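Colleague: So that we are looking at the same thing, I have put the structure below in structure tokens.
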Amino acid sequence: MEAEHLKFVIVGHVDHGKSTLIGRLLYDTDSLPEGKIEEIKKICEAAGQELEFAYVMDYLEEEREQNVTIDTTQTFFKTKKRRYVIIDAPGHREFLKNMITGASQAEAAILIIDAEEGVQEQTRRHAYILRMLGIDQVIVVINKMDLVSYKQEKFEEIKDEALKFLKNINITPSYIIPVSAKRGDNIVKGSENMPWYEELTVLSSLDTFKTKSDKSGSPLRMPVQDIYKINNKRIIVGRVEAGTIEEGKKVIFLPNNEKSVVTSVEEFLNESKKKAVFEESTGVTIKDKLFVDRGQVICGEDNLPFVTNKLKANLFWMGKEDFKKCERAIIKCGTQEMRCSLEKIEKKINSSTLEITGNDAESITNREVGEIILALDTKLVVDDFNQTPELGRFVLEKDNNIIAGGIINLKN
Ligand code: GDP
């Protein structure tokens, strides 16, 4: 197993300080290459500017462009406790889409708010998306405290505003911290400028968060990707999204509801492999000659997922054109793929203002979030997003473009 790491995302309105916070976190945890900050300092001095931490991000982006082996969306640093991965660098246009389509899965989030400007349009929209994704480890940082003379009253004022708005959408932040990303107050080190704040810094708050739990003990979910025929064997291939699959295990194939027993776990060049766990891609053979196809989900005998041809979900509309009631699209969930139509838009919400823009509406527009019901052409196997993310989210496609992302929340 890889060393423990926590993936988090930094969100907030443009210019509220996301890049600066990342630069500061990397600098204060000594995660930048030797001499780099001096170089940036020189550039700033030559331009008659103070040191600009946001440039660290520009530098990292340049490095990535030159070096294809560096992941384009992830940035790393370390504390004594563990590694951190900041996903989706700010400025990355695909940010919302990646979060919703699961290209990047955050376990925690920092919501950054400018102390002078307070809650703004993107603060609201991003917070709403955190809620949709069920991210419940959230730190709110009130940034640029240096610009309001580090005044406690100003912090309290913005804190009240933020808490009121977050309560409305059902987010309870774990911490609210007054910071200056630029000057380094309460990011990694405490702050002499704000003696009235005696609680944790951003970094020590992050250290208190839990990482994604190991799901190898959860009920088995293995979406079938493909079937290979090798040496007269029919090998069913897929990735274990939850639980464990092993020789002798009794399994059920959904949605067909057919039972069998695993006769072998097949791994290329590893004959002794007897089981595969959560997050492993593997192949298995089974005792019975069932009809198995891509899109089916292999489960254990208990705690079965939900099998349905009507799906209630939160839909985030990303397409340029409106999506009307009864219109058709392709739904993709795990390895499942089928046609569906929009049966009902129970409620729709403007994701910026959070205003409810319609009940039982006729269509949904770009950047709106809808609580919708989809009618599926055949049966779909789903789980709650928080239980098995891979089977709890989906995308809708039209003409090979992703037009919407959805989250399945069975508990609602
Ligand atoms: P982003 O768009 O959210 O990534 O914001 P940036 O990190 O690019 O910051 C926008 C501007 O705010 C830059 O000019 C930063 O130098 C400035 N800034 C960020 N954090 C602070 C801070 O704590 N104090 C002050 N005075 N300026 C800041």
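Colleague: Going by the conditions given, is Ala106 open to solvent by less than 20 Å² (accessible area, probe 1.4 Å), part of a helix (DSSP H, G or I) and modelled with pLDDT under 95?
Modeller: In short, no.
Colleague: If you take the residues of the stretch 256-286 that are among the small types (Gly, Ala, Ser) and open to solvent by less than 70 Å² (accessible area, probe 1.4 Å), which of them is nearest to Ile236 (Cα to Cα)?
Modeller: Out of the qualifying residues, it is Gly283.
Colleague: On to the next question. Would you pick out the residues in the stretch 236-279 that are polar (S, T, N, Q) and closer than 23 Å to Leu380 by Cβ?
Modeller: Asn256, Asn257, Ser260
Colleague: Can you tell me which residues in the stretch 311-350 are farther than 28 Å from Ile236 by Cα and among the β-branched types (Val, Ile, Thr)?
Modeller: Within the stretch 311-350, Ile345, Ile349 meet the criteria.
Colleague: Here is a follow-up. Quick check on the stretch 287-301: of everything there that is farther than 21 Å from Thr335 by Cα and of a type in the set (Lys, Arg), which residue is least open to solvent (accessible area, probe 1.4 Å)?
Modeller: Lys287
Colleague: If you go through the stretch 1-54 one residue at a time, how many are more than 16 Å from the ligand (Cβ to nearest atom), of a type in the set (D, E, K, R), open to solvent by less than 80 Å² (accessible area, probe 1.4 Å) and over 25 Å from Leu130 (Cβ atoms)?
Modeller: Residues flagged as more than 16 Å from the ligand (Cβ to nearest atom), of a type in the set (D, E, K, R), open to solvent by less than 80 Å² (accessible area, probe 1.4 Å) and over 25 Å from Leu130 (Cβ atoms) within the stretch 1-54 amount to 1.
Colleague: Mind telling me which of the residues Thr357, Thr378 ends up being among the hydroxyl-bearing types (Ser, Thr, Tyr) and at pLDDT 85 or above?
Modeller: The unique qualifying residue is Thr378.
Colleague: Conditions first: (1) at pLDDT 85 or above; (2) open to solvent by 10 Å² or more (accessible area, probe 1.4 Å). Val140 passes all but one, so which condition is the exception?
Modeller: The one condition Val140 does not meet is (2).
Colleague: With a cut-off of at least 1 residues that are among the acidic types (Asp, Glu) and closer than 17 Å to Leu410 by Cα, name the strands (runs of 3 or more DSSP E) lying wholly within the stretch 320-395.
Modeller: Ranges flagged: 336-350, 368-382.
Yes or no, residue by residue, for (1) aliphatic (A, V, I, L, M); (2) within 30 Å of Thr123 (Cβ to Cβ); (3) open to solvent by less than 10 Å² (accessible area, probe 1.4 Å):
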site	(1), (2), (3)
Asp322	no, yes, no
Ile330	yes, no, no
Cys333	no, no, yes
Val382	yes, no, yes
Ala404	yes, yes, yes
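Colleague: A further question follows. When you scan the stretch 249-284, how many residues do you find that are among the basic types (Lys, Arg) and closer than 18 Å to Lys215 by Cβ?
Modeller: Adding up the residues that qualify gives 2.
Okay, residues lined up against (1) of a type in the set (Phe, Trp, Tyr); (2) surrounded by 22 or more Cβ atoms within 10 Å (Cβ to Cβ):
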residue: Leu130; (1), (2): no, yes
residue: Gly134; (1), (2): no, no
residue: Asp146; (1), (2): no, no
residue: Tyr150; (1), (2): yes, no
residue: Glu153; (1), (2): no, no
residue: Val179; (1), (2): no, yes
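Colleague: Also, I was wondering about something else. Is it the case that the stretch 182-190 has a residue that's open to solvent by 80 Å² or more (accessible area, probe 1.4 Å), modelled with pLDDT of 95 or more, more than 30 Å from Phe385 (Cβ to Cβ) and in the same structural domain as Gln105 (by TED's automatic domain parsing)?
Modeller: yes
The values are calculated or read from the model by the stated rules, or taken from the named source; none is laboratory data. For clarity, every value in this text was computed on a predicted model and none was experimentally measured. Please note: Cβ atoms are built from the backbone with ideal geometry, for glycine as well, and neighbour counts cover all protein chains shown. Side chains are part of the model used for accessible areas, which takes the heavy atoms of the whole protein and leaves out ligands, DNA and RNA. Shrake-Rupley method; radii C 1.70, N 1.55, O 1.52, S 1.80 Å.
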